[in-house]
Amino acid sequence: MRIRAAEPADVPLILALIVELADYERAVGDAVGTEEQLEAALFGSEPLAEAVIAELDEAPAGFALFFTTFSTWLCLPGIWLEDLYVRPQQRRAGIGRALFAHVAGIAVQRGCGRMEWSALDWNTPALSFYEGLGASVVDGWHTHRLHGGALQEAARQ
C-alpha cells in the first residue's frame, strides 16, 4: 500500500471516488461537481483543498480530501477532513487507518491544533472506526448548512 499526494491527472479518479462515496451515503444525486470544478479547487492558482490517494497493489483503493481551517479559540490552523473513502472491495486492509494517519501527520507537521470531520449518524462502521482511533464526538454542537437558494437568500439579506 502507498499513499501519495493527488496530481492533476487524478481528477477523474477522485471525482469517481466522490461519486462512489455519495452513492454509499445514499446521496449520489447530490454529487454534481464537475472535473473542471474539482481541478480548479485542488490545483488552481489558489487551491482550496488537497487530496491524497491510497493505492493497494498499484490500484486506486481510496482517497482523503481535506482543507485548512482556523480555530479562533486556539489561534491555530486546523484541518477539516471532508472525505475519507475506501472502496468496499479493498476495506479491512488498513487503508482507511493509513489515510487517516497520513492526514493527521500533515496536521501535526503544519502545527495544527486539531483535525475535525463529520460522519453520518447511521454510518456505524465509520463511527466505530473513528472511535477506535481515539476520536470523540463533539457534544452540544450541531452542523448547520446553507446551500442553493437558501445561501442565495442569506446573501441578499
Loop sites only, by DSSP: take the chymotrypsin sites (Phe, Trp or Tyr not before Pro) in the chain that have at most 16 other C-beta atoms within 10 Å and name the longest stretch containing none of them.
-> 1-72
Residue-averaged 222 nm ellipticity for the chain, from DSSP H runs of 4+ at -39500 (n - 2.57), nearest 500 | -10500 deg cm²/dmol
Would you kindly state the longest site-free stretch of the chain, with sites defined as trypsin sites (Lys or Arg not before Pro) in a DSSP loop (not H, G, I, E, B) surrounded by at most 16 other Cβ atoms within 10 Å?
-> 27-90
The chain, dipole about Cα centre (Lys/Arg Cβ +1, Asp/Glu Cβ -1), debye to the nearest 20 | 480 debye
Taking log10 I(q)/I(0) by the Debye sum over Cα atoms at q = 0.13, 0.18 Å⁻¹ as the quantity of interest, determine which of [x] -0.56, -1.05; [y] -0.70, -1.07; [z] -0.68, -1.34 was computed from the displayed structure.
-> [z]
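Computed from the coordinates by the stated procedures, all read-outs in this text should not be read as laboratory data. This structure is a prediction, so every number in the text was calculated from the model and none was measured. Neighbour counts run over all protein chains shown; Cβ positions are idealised from the backbone, glycine included.
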